[in-house]
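Enquirer: One structure coming up, written as structure tokens, with questions to follow.
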Amino acid sequence: MKVEHRQVGTVDVLTPIGALTEEDSESFCDALLDRVRSGNPRVVISMQDVPYLDSIALEGLLTAADELTERATDCKLVGVPPTCREIFELTGLAERFRFFKDVQDAVKSYL
Amino acid sequence: MRTTDLIMTLLLPWFPIILGVGVGGRLLGKTRGFGLGMLCAVFWMFLVHASVGPVIWGDPWTVMATLAGLAAIVAMGGWAGQSPEKEAAAELEPVGAESLPNRQANERDDHCERISTAIDRFEEWLENHSAHGDPWPAFDEFIRMTLGDCCGATHVKPYRLVDEGGELKPLGESDPSTEAKHLSARKGIVGHVVTTGRCYLAGDTTQGELITQLAEEWQEPMAWCFAVREGPHKIGVVIAGQLNVAPEGSRSLLRAMERLISRFWCALRETHRRRAAAHDDPISGAYIREAFFRTADQSLRESYRQGEPVALAVVALEKLREINDSGHWEVADELVREVSGILRRKIRVDDQLGRFDGSRFMILLRRVDSELASLIIAQIMSQLTELCANTKRWGASVVVRCGVAGSGTASPDLRTLVSKALTQCRRARMGDAQVASDLQASGELIEATL
């Protein structure tokens, strides 16, 4: 699993590729929280290449969401596949995130 | 005999007879017209013989007039039988083209062929889909394809009748939790078809103006609509937006297809009912233990093949037996039904639900580890606890507990996973907790106050 990082304007776009489980989840969470805790809290996570995620990844996303909420913004997820979306719905955590179809829409939401 | 007498005696009776033969020939056709002409000619001979007597045969003019009369009557019958419409049709018909009876016979053969194809196709389809958990979406597709191929019907929409025949639900929409807006089965042209059981066919003038007007007022174009019956009861409706065959020439085919679709529908219902009775628990609708182990084992192998984590939860309804023992077993059954409904609504389509025994359910959750499964279970438990709180009035307070075991990295088989989940469930009971998971350290249980 690798996490791609690119900048669209002032927004950081993180793209994990592969299932987020165990060590992969931990490294992804570290990368995510690094971005969130940096000076720029404008972060978009593109999930289209994540077939499923485990509790560690979900926990990391929740931590990121909480920290972003404290800084008056949201944790923005893009292209979440149905299998991952089900997890957010089933655990009742979907309302803690904002979901977008594509990166452009998510980036525009910061404008 | 004078010439005037001869005319009066022989020729005047010709005219009513020749007129009668002409009209008869017109109605009966050419061959029968000739036959009628010959009969009438014999009758005319009898009249002449009776009025003039055998003396006429001595006079050559009388003989000639008699023979001419005979020929004229017979010819008139044959000529009148060849009607102008038929003549015109015969002229227009190219050389070697089939005659009308032949064409009708060919059409009948063609219709029989189509019906026979539909039956063969259904038998094959049923063989391939009878083991499927939910064959209705595929049957919806089958109806569209069959009516399209056999009757040229397009924009076909099959509906099942729900809510005691009050509403129509698309046949392909099988998920009970879907809350899509359903059509009323009591209004408009569909209400007429469902109530009377008569089909609607666009262009059929025998149906009356009111029916045509109702069909025109329907929300979408409608060319054909018929009710699906199981015995005297209506169980569904099929609507076709367009029909690419002429209704007047295909009425018998359309009627046969209506009956055939009803038969197919009933056969599938029966097959599905029998299959469900063999695999599903009649009260909860969940898999019986044997069926659960079979299907969950397949899901587990599939998950391991794709490297997905899996969790198994055992949900126990403690003290359910006390309700049964107090004689309120129908309350216990209702509780089991409602618990099963909640579990079914909360899990995903590829998760598996089974009834382990009288008071325990098993759930195989795919693509989740123990911790995520515990979060999902916590959502479910809050609803189950609320439901079971109502049982106090029946003299027993049913308590819901759950044990969760995850596959982790060891990929254990299903029996091991179930044993682990049962152990966790026991641990929850011993610690008076609602949920126990194999990830939690001993003593660290989710308390009853979630």
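The values are calculated or read from the model by the stated rules, or taken from the named source; none is laboratory data. Remember, predicted model here, so these are calculated numbers, not experimental data. A quick note on method: Cβ atoms are made from the backbone with ideal geometry, for glycine too, and the neighbour counts reach across all protein chains shown.
Enquirer: Any idea which of A:V80, A:V36 is of a type in the set (A, V, I, L, M) and more than 28 Å from B:S382 (Cβ to Cβ)?
Expert: A:V36
Enquirer: Quick one: would you say A:K76 is under 11 Å from the mean Cα position of the chain (by Cα) and of a type in the set (K, R)?
Expert: Yes.
Enquirer: Moving on. In region A:1-23, what residues are crowded, with 21+ Cβ neighbours inside 10 Å, of a type outside the set (A, V, I, L, M, F, W, C) and modelled with pLDDT under 90?
Expert: Answer for region A:1-23, where residues must be crowded, with 21+ Cβ neighbours inside 10 Å, of a type outside the set (A, V, I, L, M, F, W, C) and modelled with pLDDT under 90: just A:T21.
Enquirer: Which ones in region A:61-110 are within 14 Å of chain B (Cβ to nearest Cβ) and among the β-branched types (V, I, T)?
Expert: Of everything in region A:61-110, those that are within 14 Å of chain B (Cβ to nearest Cβ) and among the β-branched types (V, I, T) turn out to be A:V80, A:T83, A:I87, A:T91.
Enquirer: Sort out which residues of region B:118-157 are of a type in the set (D, E, K, R) and either assigned to a helix (DSSP H, G or I) or touching a helix residue (DSSP H, G or I) at 6+ places or on another chain (Cβ under 6 Å) (or both), and write them in order of number.
Expert: Hits for region B:118-157 are B:D120, B:R121, B:E123, B:E124, B:E127, B:D140, B:E141, B:R144, B:D149.
Enquirer: Now for a different question. Taking interchain pairs and intrachain pairs at least six residues apart, which have beta carbon atoms under 6 angstrom, with the first residue in region A:18-31 and under 14 Å from B:D369 (Cα atoms) and the second assigned to a helix (DSSP H, G or I)?
Expert: Close Cβ pairs (under 6 Å, with a partner that is assigned to a helix (DSSP H, G or I)) amount to A:L20/A:F28; A:L20/A:A57; A:S25/A:I56; A:S25/A:A57.
Here's the yes/no breakdown for (1) at the interface with another protein chain (Cβ under 9 Å from one of its Cβ atoms); (2) in contact with a Cys (Cβ under 8 Å, 6 or more places away or on another chain):
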{"position": "B:I342", "(1), (2)": "no, no"}
{"position": "B:K346", "(1), (2)": "yes, no"}
{"position": "B:F356", "(1), (2)": "no, no"}
{"position": "B:R360", "(1), (2)": "no, yes"}
{"position": "B:L364", "(1), (2)": "no, no"}
{"position": "B:V368", "(1), (2)": "yes, no"}
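Enquirer: Let me ask something additional. Suppose we keep only residues that are more than 21 Å from B:G241 (Cβ to Cβ) and assigned to a loop (DSSP other than H, G, I, E, B) within region B:196-214. Which one would you say is modelled with the highest pLDDT?
Expert: B:G197
Enquirer: Within the group B:S340, B:S262, which residue is polar (S, T, N, Q) and either more than 22 Å from B:V399 (Cβ to Cβ) or outside the structural domain of B:L387 (by TED's automatic domain parsing) (or both)?
Expert: Of B:S340, B:S262, the one residue that is polar (S, T, N, Q) and either more than 22 Å from B:V399 (Cβ to Cβ) or outside the structural domain of B:L387 (by TED's automatic domain parsing) (or both) is B:S262.
Enquirer: With the condition kept exactly as written, say whether any residue in region B:292-312 is acidic (D, E) and under 23 Å from A:E22 (Cα atoms).
Expert: Yes, region B:292-312 has at least one match.
Enquirer: Return the only residue of B:V156, B:V95, B:V162 being of a type in the set (A, V, I, L, M) and at pLDDT below 75.
Expert: Of B:V156, B:V95, B:V162, the one residue that is of a type in the set (A, V, I, L, M) and at pLDDT below 75 is B:V95.
Enquirer: Mind listing whichever residues of region B:370-419 are among the hydroxyl-bearing types (S, T, Y) and either within 14 Å of chain A (Cβ to nearest Cβ) or buried (at least 21 other Cβ atoms within 10 Å of the Cβ) (or both)?
Expert: B:S370, B:S374, B:S382, B:T391, B:S407, B:T409, B:S411
Enquirer: Next question. Name the one entry in B:I363, B:I342 that is in a helix (DSSP H, G or I) and under 15 Å from A:L90 (Cα atoms).
Expert: When all the criteria are applied, what remains is B:I342.
Enquirer: Report, by residue number, each residue of region A:55-111 that is within 27 Å of B:V349 (Cα to Cα) and assigned to a loop (DSSP other than H, G, I, E, B).
Expert: Across region A:55-111, the qualifying residues are A:G79, A:V80, A:P81, A:T91, A:G92, A:L93, A:F97, A:K101, A:D102.
Enquirer: Taking only region A:79-92 into account, find how many residues are modelled with pLDDT of 90 or more and either more than 13 Å from the chain's Cα centre (by Cα) or farther than 16 Å from B:V368 by Cβ (or both).
Expert: 1
Enquirer: What is the one condition in (1) free of Cβ contacts under 8 Å to residues at least 24 places away in the same chain; (2) in contact with a helix residue (DSSP H, G or I) (Cβ under 9 Å, 6 or more places away or on another chain); (3) not acidic (D, E) that B:R259 does not satisfy?
Expert: (2)
Enquirer: Output the number of the condition that A:D49 fails; it satisfies all remaining conditions of (1) more than 14 Å from chain B (Cβ to nearest Cβ); (2) assigned to a helix (DSSP H, G or I).
Expert: Exception for A:D49: condition (2).
Enquirer: Going through region B:58-92 one residue at a time, which ones are modelled with pLDDT under 70 and in a helix (DSSP H, G or I)?
Expert: B:G58, B:P84, B:E85, B:K86, B:E87, B:A88, B:A89, B:A90, B:E91, B:L92
Enquirer: If you don't mind, another one. Taking region B:282-334 on its own, how many of its residues are away from chain A (no Cβ under 14 Å) and in a loop (DSSP other than H, G, I, E, B)?
Expert: Summing the residues that are away from chain A (no Cβ under 14 Å) and in a loop (DSSP other than H, G, I, E, B) in region B:282-334 gives 10.
Enquirer: Can you find, within region B:167-195, the residue that is nearest to B:V238 (Cα to Cα) among those that are in a loop (DSSP other than H, G, I, E, B) and at pLDDT 80 or above?
Expert: B:L171
Enquirer: So B:T271 fits all but one of (1) away from chain A (no Cβ under 14 Å); (2) under 32 Å from the mean Cα position of the chain (by Cα); (3) at pLDDT below 90; (4) not in a helix (DSSP H, G or I); what number is the exception?
Expert: Among (1) away from chain A (no Cβ under 14 Å); (2) under 32 Å from the mean Cα position of the chain (by Cα); (3) at pLDDT below 90; (4) not in a helix (DSSP H, G or I), B:T271 violates only (4).
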